[in-house]
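What follows is a set of notes on a single structure, which appears directly below.
The values are calculated or read from the model by the stated rules, or taken from the named source; none is laboratory data. Not measured: the values here are computed from a predicted model. Note: ideal-geometry Cβ built from the backbone for every residue, glycine included; neighbour counts use all protein chains shown. These area figures cover heavy atoms from the full protein model, side chains too; ligands, DNA and RNA do not enter into them. Shrake-Rupley method; radii C 1.70, N 1.55, O 1.52, S 1.80 Å.
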Amino acid sequence: MTTNQRGFLNSLWNFFCSLTLTMFLLITLAITSIIGTIVPQGPPPQEYLQQISPFKFKLYQALGFFDMYHSWWFILLLYLLTVNLVACSIKRLPHIWKIITRPVTILDNGLERSLANVVSFKAHGAPEKLQEQVAAFLAAEFAAPVATERDGARHLFAQKTPWCRLSVYFVHLSVIVIFIGAIVGSFFGYKGFVNIMEGDSISKVTTRSGKDIPLGFSVRCEKFSVSLYDSGAPKEFKSVLTVLENGKPVPGYEHKSVIVNDPLTYKGITFYQSSYGNAGECRFLVTDLDGKNAVPVTVPADGSVTLPDGSSMHVLETTPDIAPYSPGLSGPAAHLEIHTSDGRSERVVVYANHPELNLAHAKEHGKGPVFYFKGEEKRMYTGLQVAKDPGVGIVWLGCLLMVVGIFAAFFLSHRRVWVRIQQGTVTMGGNASKNQAAFQQVFEQLAQKLKTECSGEKR
Amino acid sequence: MTSSLLFNVTTFAYLVSMLLFFAFLASRAAALGTAGIVTAYAGLAAQSGAILLRWKESYDLGFGHAPLSNLYESVVFFSWTIVLIFALLDLKYKYRVIGAFVMPFALLGMAWAQLGLHSGIEPLVPALQSNWLLYHVVTCFLGYAAFAVACGISIMYLIKSGGEERADASSGLMALFPPIRVLDDLNYRAIMVGFPLLTLGIITGAAWANYAWGTYWSWDPKETWSLIVWFVYAAFLHARFTRGWVGKKAAWLSIIGFAATIFCYLGVNLFLSGLHSYGGGR
């Protein structure tokens, strides 16, 4: 390798280790993320396209703004952040590891000068005796010490929670673990949806990209129901589902209720209550004004039909009992919308129990036809989100690691105390990796106590 | 006794507390500072009682739920967490004057909630019927409140450091302010409390989303903005730990962080669309 190459690699390494890069990436990610909260994500809606110029549209599309969190440059930023935090960790870890595993146990002059907290006092008595005394004191008041003898001086070293220096690396690691979980989920999982009619079963779901995925088992919707509060606001959407293997119900997965915020999981695939609808049908009898040419007409709840005279109709809503809305009337009723062949549209309420009203309304409006409501078969279907995400456990592990790591990083501190016994002088020094002010108080109390103890022995 | 009466008492107490703190600043009479903090504690007690009472009232109506479900309730809770974090700070450090810069946030919240927001107790829509609501909202708002306190302290820092450049800082208003190093440290400490809470808030939100519809992260505007806030404070902490960003730079970053927090909380609901629909609670 030439010096040039080595120089290049070196500066590349330094680039990835630099905190300037970290700051740049965090701030850039924060600022660019805003774009995706302003520009609609996914296929841009028509109204939005009308608001922006063709030039802007082309630009946004080229920059991937319509799916920006998956655009190459956003992903690149995330990868750079990952490389950056790995490189930073690798660069600093050996040093930290050394502090933890091979602590400096000797309080020499250089170390003494570097410490913020140092106290020195005279003590009488044999050095061995003093050492014993200090060791017992540290073990009782701080942490069990390590003793070393060098150049006629006796050194004691004690420390608390040295491992908390690693917590920041656990936080960095947790980010990577979360990314791994997300990647596992995107490769081996899917998100889909499915509509199931009451009484029907399905064995495959459709993903967001429109692909059909077989489940390997079937799910039957036994029933779907909506309950309301007195105010008319929705209280609960509930599907009753049964899981079937080879056409037979799976024990423990029969008639399971699935409501919003309470999904059903089977074989790693989870079904979430998401939407619903009515796919039933309404039956009508259509006649001329004089009651001739009676034709039965069946209208699907979500569709329209064309009538013999060329007009089309669909049902807006139905009720099993009209009484609360029209006092004096009773029985089922349907609200229809009719589009005539000459382009007009009109709305009409038709009744099951009041044929004379149906006829009167038709006469009022001219030539007919007359509608008679014959009843409705309700058939609800449930809309379920379906998700399989084998990476989610890894993501939670990463989150746990992150929370524990952040708490340790902020609220724990590596505290060290050295004591040197040399020629009748006891010197105590100490430092903490964080929160110096709090440690200073602890240290001063400790030193005061030690001083009293060492001189108290003499008395 | 109804919760709405107690909320009125709370708002009034916060107003009085703020005015007492202002008077304390102007007069430097220690008794006014004490009166200010006592009133703030009284307000906090009244508000705690009011929140519990509202909780109970919702059960009396037959659809009990924690009072955290719409904009009114969340603004009230935000105000409560701000005073709570300030109270904890006061118990530990006893810098009364911080109240003059924190109580206005709490008062603003209560006044807006009571004057401008719909305060009816509504039953929970299916999407909100989950225990995760409690964990998610409590952690998020405690985090937001810590950032609010950090922002108030940063404003004090900038005022005091500006004063120091101009004239003798030991005289006048500035004499009451904690030393500039203390303000810088308190800013950091408040963020140190807020950041883990925000992290927990994002994680509980993700857990809830995963439990409710199988996607722990969907780049919804609210989620994205919470991540933006997280990035800003992560940048703050990295700058501080390893580059020694203290003082004015740190104070400005803290204020920017709180601006992003407020946008995440309110701006997203008012200007952008997404999953957190409580912005429509007017």
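Let me cross-check B:THR242: its accessible surface, 1.4 Å probe, with only protein heavy atoms counted, in Å² to the nearest 10?
Only protein atoms counted, so the area is about 80 Å².
Residues of the range A:261-286 losing 40 Å² or more of accessible surface, assembly versus chain alone, probe 1.4 Å, please list them.
Correct list: A:ASN261, A:TYR272.
If you place +1 on the Cβ of every Lys and Arg, -1 on the Cβ of every Asp and Glu, and leave all else neutral, what size is the dipole of the protein assembly as shown about its Cα centre, to the nearest 20 Debye?
On the way: 59 positive and 48 negative charges, 720 e Å.
Roughly 3460 debye for the protein assembly as shown.
State the percentage of accessible surface on the range B:36-97 attributable to carbon and sulfur atoms; use a 1.4 Å probe and exclude ligands, DNA and RNA.
71 percent
Rounded to a whole number, what % of the accessible area of chain A do carbon and sulfur atoms account for, probe 1.4 Å?
58 percent
If we sort A:437-448, A:40-51 on the protection proxy, mean other Cβ atoms within 10 Å, highest first, what's the order?
Going from most to least packed, we get A:437-448, A:40-51.
Any chance you could list P(r) for the range A:237-384, counting all Cα-Cα pairs in 5 angstrom bins from zero, rounded to whole %?
Histogram of Cα-Cα distances, whole percents per bin: 2, 8, 15, 17, 13, 10, 8, 7, 8, 6, 4, 1, 0.
Any number yet on Rg/Rh for the range A:141-223, C-alpha, Kirkwood?
The Rg/Rh ratio comes out at 1.55.
Apply the Karplus curve 6.51 cos²θ - 1.76 cosθ + 1.60, θ = phi - 60°, to the phi angles in the range B:187-195 and return the couplings in whole Hz, x for Gly and Pro.
Residue by residue, the range B:187-195 yields 4, 4, 5, 5, 5, 4, 7, x, 5 Hz.
Distance from the Cα centre of the range B:84-106 to that of the range A:236-294, in angstrom?
The range B:84-106 and the range A:236-294 have Cα centres separated by 55 Å.
Checking buried surface per residue: for the range A:369-399, which residues lose a minimum of 20 Å² accessible area in the protein assembly relative to the chain alone (1.4 Å probe)?
In the range A:369-399, residues shielded by partner chains: A:GLN385, A:ASP389, A:VAL392, A:VAL395, A:TRP396, A:CYS399.
For peptide B:115-127, how many partner chain Cβ atoms fall within 10 Å of a residue's Cβ, on average? Before the final figure, lay out each step's value.
On the way: counts 0, 0, 0, 0, 0, 0, 0, 3, 7, 4, 6, 13, 5.
Mean partner-chain Cβ count within 10 Å for B:115-127: 3.
HN-Hα J couplings of the range A:370-385 from phi, Karplus 6.51/-1.76/1.60, θ = phi - 60°, integer Hz, Gly and Pro as x?
Along the range A:370-385, the couplings run 9, 9, 10, 7, 10, x, 9, 9, 7, 9, 7, 10, 10, x, 10, 7 Hz.
Per the Kirkwood formula on distinct C-alpha pairs, the Rh of the range A:236-281 is how many angstrom?
Values: mean 1/r = 0.0855 Å⁻¹.
Over the range A:236-281, the inverse of the mean reciprocal pair distance is 11.7 Å.
Please enumerate, by chain and number, the lysines with C-alpha under 17 Å from the C-alpha of A:LYS56, excluding those fewer than 8 residues away in the same chain.
Excluding near neighbours in sequence, the set is empty.
Using DSSP to define loop residues, name the trypsin sites (Lys or Arg not before Pro) in the range B:52-143 whose beta-carbon has at most 15 other beta-carbon atoms within 10 Å.
Answer by residue number: B:LYS94.
What residues qualify as long-range amide H neighbours of A:VAL297, i.e. H under 5 Å apart, gap of 5 or more or another chain, H built at 1.01 Å from N?
A:PHE284, A:LEU285, A:VAL286
Karplus couplings for the range A:25-35 from phi (6.51 cos²θ - 1.76 cosθ + 1.60, θ = phi - 60°), rounded to Hz, Gly and Pro as x?
Once rounded to whole Hz, the list reads 5, 4, 5, 5, 4, 4, 6, 5, 4, 4, 3.
Have a look at chain B and give its Rg and Dmax from the Cα atoms, expressed in angstrom.
Radius of gyration, then largest Cα-Cα span, for chain B: 19.3, 62 Å.
Could you order B:SER226, A:SER227 so the one with the most accessible surface comes first? Probe is 1.4 Å.
Final ranking, largest accessible area leading: A:SER227, B:SER226.
For the range A:1-110, what is the convex hull (Cα atoms) projected area averaged across all directions, in square nanometres?
With the hull built on Cα positions only, its mean projection is 12.4 nm².
Residues with amide H under 5 Å of A:HIS414's amide H, sequence separation 5 or more or different chain, H placed in the peptide plane at 1.01 Å from N; which?
The list, which skips near neighbours in sequence, is A:SER433, A:LYS434.
For a quick protection proxy, order the peptides A:200-210, B:27-37 by their average other-Cβ count within 10 Å, most packed first. Working shown, then result.
Working: A:200-210: 13.7, B:27-37: 16.2.
Averaged packing, sorted descending, gives the order B:27-37, A:200-210.
If you take the beta carbon distance between B:LYS56 and A:SER257 as r and set R0 to 35 Å, what does 1/(1 + (r/R0)^6) give as a FRET efficiency, to the nearest 0.05?
Between B:LYS56 and A:SER257 the formula returns 0.75.
Please work out the Cα center distance from the range B:29-58 to the range A:92-159, rounded to the nearest Å.
50 Å
With bins 5 Å wide starting at 0, give me the P(r) of the range B:88-165 over every alpha carbon pair, in whole percents.
3, 11, 14, 18, 18, 13, 9, 6, 4, 2, 1, 0
Identify the residues of the range A:105-127 with backbone N under 15 Å of a label point that sits 7 angstrom from the Cα of A:GLU141 along the Cα-to-Cβ direction, or state none.
Only A:118-123 pass the distance filter.
Quick one: work out Rg over Rh on the C-alpha atoms of the range A:45-133, Rh as Kirkwood radius.
That ratio equals 1.53.
Kirkwood hydrodynamic radius, the protein assembly as shown, all distinct C-alpha pairs: what's the number in Å?
31.6 Å
Can you pull the three principal axis extents for the Cα set of the range A:247-332, in Å, largest first?
Sorted from largest, the Cα extents of the range A:247-332 read 62, 33, 22 Å.
List the pairs from A:LYS160/A:LYS449; A:LYS204/A:LYS238; A:LYS204/B:LYS222 whose alpha-carbon separation is above 26 Å, in the order I gave them.
As for pairs spanning more than 26 Å Cα to Cα, those are A:LYS204/B:LYS222.
What's the long-distance tail for the range B:1-133, i.e. % of Cα pairs beyond 20 Å?
Roughly 46 percent, rounded to a whole number.
Under the definition of partner shielding as Cβ atoms of other protein chains within 10 Å of a residue Cβ, what is the mean value for peptide A:31-43?
Numbers: counts 3, 1, 8, 6, 1, 3, 16, 3, 0, 2, 5, 0, 0.
Taking all residues of A:31-43 together, the mean is 4.
What's the average, rounded to a whole number, of partner chain beta-carbon atoms within 10 Å of each residue's beta-carbon in B:193-199? Display every interim value, and only then the final one.
Values: counts 2, 0, 3, 8, 1, 0, 8.
Other-chain Cβ atoms within 10 Å of each residue's Cβ, averaged: 3.
Please sort A:271-281, A:68-78 by packing, taking for each peptide the average over its residues of neighbouring beta carbons within 10 angstrom, highest first.
Details: A:271-281: 19.5, A:68-78: 14.5.
The packing order, highest mean first, is A:271-281, A:68-78.
From the mean inverse distance of alpha carbon pairs (Kirkwood) and the Cα radius of gyration, derive Rg over Rh for the range B:171-247.
We get a ratio of 1.18 for the range B:171-247.
Need one number: buried accessible surface between chains A and B, 1.4 Å probe, both sides summed, DNA, RNA and ligands left out, in Å² to 100.
3800 Å²
Hey, what number do you get for chain B at 222 nm if only DSSP H runs of n ≥ 4 count, each worth -39500 (n - 2.57), divided across all residues, to the nearest 500?
Estimated from H runs of four or more residues: -26000 deg cm²/dmol.
So what is the orientation-averaged projected area of the range A:111-186, using the convex hull of its C-alpha atoms, in nm²?
Result: a mean projected hull area of 8.3 nm².
Quick one: P(r) of the range A:18-74 from all Cα-Cα pairs, 5 Å bins, percents rounded to integers, in order of increasing distance.
Pairs per bin, as whole percents: 4, 17, 25, 22, 13, 9, 5, 3, 1.
Rounded to whole Å and sorted largest first, list the principal axis extents of the Cα atoms in the range A:200-247.
42, 28, 11
Over the protein assembly as shown, give the accessible area per residue in Å² for a 1.4 Å probe, as an integer.
Heavy-atom SASA per residue in the protein assembly as shown reads 49 Å².
Tell me the volume per residue, in Å³, of the convex hull enclosing the alpha carbons of the range A:128-276.
Given the Cα convex hull of the range A:128-276, per-residue volume reads 266 Å³.
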